[in-house]
Every structure is written in C-alpha cells, then in structure tokens.
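Here is the structure we will look at, set down as structure tokens.
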Amino acid sequence: MTEFTGFTPAAQRFFRSLGRNNTKAWFETNRAVYETALRAPMKALIEALDVRLAEFAPEIVGDPKRSMFRINRDIRFSADKSPYKTNAGVWFYHHDAGRGVGQDALGGAGFYFHLDGKSAFAGGGIWMPSRPTLGRIRDAIAAQPSGLRRIVEAPAFRRRFGTFHDESMLTRVPRGFPPDHPAADLLRYQSFTVGRPVTSAQIASAKLVDRLAADFEAALPLIRWLNRAIGYQTVTQRRP
C-alpha cells in the first residue's frame, strides 16, 4: 500500500486550470499532472481510509479501483459539452450495495470526500436515492420518527455537521403521509446528506486520513440508520 502524504498545491491548481481549458487536447497535454498530483494520492487516501473503516465500520469499503469517480463527464443529455469534471470525488460504500449513487442506482448510504480547485469537504449519507429506496427511508422515518431525529439532532452531531443539506427538498409532505405527521420535516427530504469543510492545510497533510476517519466515525450512526432502513445490515468484521 502506498503511503498517503497529502495533496500538493498542484492538485487544486490543476482543477483551476482545467476550468479555464476544459478540452481533450489540454487534458491530454496535462494528463501526467492529473495522474501524479491527483489520482495517485487519492488512491493512497482511499487505501488508508479503507483500513480505518475496517476497524469501526467494516461494512463500508473503499476500493482504489472503484471508489474514485471518473473525471469524464456524461455529456449525452447535457447542454454543457465540457468533457471533464473540475473536481475529484471519492465514495466509500456498503459492500452489499455497491458503489452506485443517485436516482439510477440501487446504492446505499456511505461516506464521501470532495476536492476541487478552491475547496474540499467530507460528508456522508445518501444523495437523491431511487424512488423505491427513498420510499423505504420515508417508511422507516414515519414508523419511528424519533429514531433518525435522535441522531441528527444530537448536540455533538449538530456542532460537527449542522443539518441535512436541503437540496431538492419538497415544499410539502409527500403523498401518502399526513401533513401534520410528527416527522413532516424529515419526510420532505429527497436526499439525506451532511458535510463539513476541509481546509487547504488539512488537504496538504498526511493527517488528512485522521481528520476524515474522525468525521466518518462521527457520521456513522446516520449511515447505519439509513442502510438499515434500506435493507443493508451492520456487521462486526470485514468479510475475508
């Protein structure tokens, strides 16, 4: 396993330059920078965090070959034909759910790290799940409103992560639930994600592994609640 020593300034500088020169010709000319300043250290970070996850969340895995999202954009149905993303994203996922994310996937809840030209953040949860998955989560919320609320409203959790991101939050309680349901606010979410900024100094340090592991462990009660609601189980040790 390659030791993670931090990201150099060239990593974020690459994304800033890519934002100004988002073409295949520019990317190929600068591919070596992408490979050495971003892809290689990100793989080392994934490996290091996977070792940590095996200790406190063995059902969540990081795979150097699968956890990092492709830099190529899917431009088939987009008006923006820029071929590349100007950020790097890493997904740590439940071993039974796979690494799928979003409405077209059957993935579960997990942990995320994001790095772009100006910022970085760590987070966790499930983003815009498929309708069947969202339905399971809402049913679990409705059946026991205090369960999820107890986790996300705990003072330590709030201090670290704040509240759920309100992306695509419904203005009304979804169909099938009474407007005065005791968990009406939670039922309106279509994503259940939290996050926390990571500083430039932390990005550049080998101690980024410690920082992200601490954030992931703090978010673990949320991740496990969501995965149980979907149907993915908690385990006590890694599979051989």
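The values are calculated or read from the model by the stated rules, or taken from the named source; none is laboratory data. Values in this document were obtained by computation on a predicted structure and should not be read as measured data. In this analysis, Cβ positions are derived from the backbone assuming ideal geometry, glycine residues included, and neighbour counts consider all displayed protein chains. Please note that ligands, DNA and RNA were not included when accessible areas were found on the heavy atoms of the full protein model with its side chains. Shrake-Rupley method; radii C 1.70, N 1.55, O 1.52, S 1.80 Å.
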TODO: Filter region 192-233 for residues that are basic (K, R) and either over 17 Å from F56 (Cα atoms) or buried (at least 19 other Cβ atoms within 10 Å of the Cβ) (or both) and give the result.
DONE: R196, K207, R224
Open item on the list: I want to confirm something. Restricting to region 157-177 and keeping residues that are open to solvent by less than 70 Å² (accessible area, probe 1.4 Å) and free of Cβ contacts under 8 Å to residues at least 40 places away in the same chain, which single residue is nearest to the chain's Cα centre (by Cα)?
Closed with: F164
- [ ] Could you check, for region 7-14, whether at least one of its residues is under 30 Å from R238 (Cα atoms) and open to solvent by less than 80 Å² (accessible area, probe 1.4 Å)?
- [x] yes
Open item on the list: Just checking: which of the helices (runs of 4 or more DSSP H) contained wholly in region 123-240 hold 3 or more residues that are in contact with a helix residue (DSSP H, G or I) (Cβ under 6 Å, 6 or more places away or on another chain) and closer than 30 Å to A11 by Cβ?
Closed with: 208-230
TODO: Quick one: which residue in L45, L49, L18 is touching a Ser or Thr at 6+ places or on another chain (Cβ under 6 Å), touching a residue at least 60 places away in the same chain (Cβ under 8 Å) and crowded, with 18+ Cβ neighbours inside 10 Å?
DONE: L18
Open item on the list: Looking at D215, D180 in this structure, which one is without any contact (Cβ under 8 Å) to a residue 12 or more places away in the chain and either polar (S, T, N, Q) or out of contact with any His (no Cβ under 7 Å at 6 or more places or on another chain) (or both)?
Closed with: D180
TODO: Give the residues of region 135-174 that are of a type in the set (A, V, I, L, M, F, W, C) and touching a strand residue (DSSP E or B) at 6+ places or on another chain (Cβ under 9 Å), sorted by residue number.
DONE: I137, L148, V152, F157, F161, F164
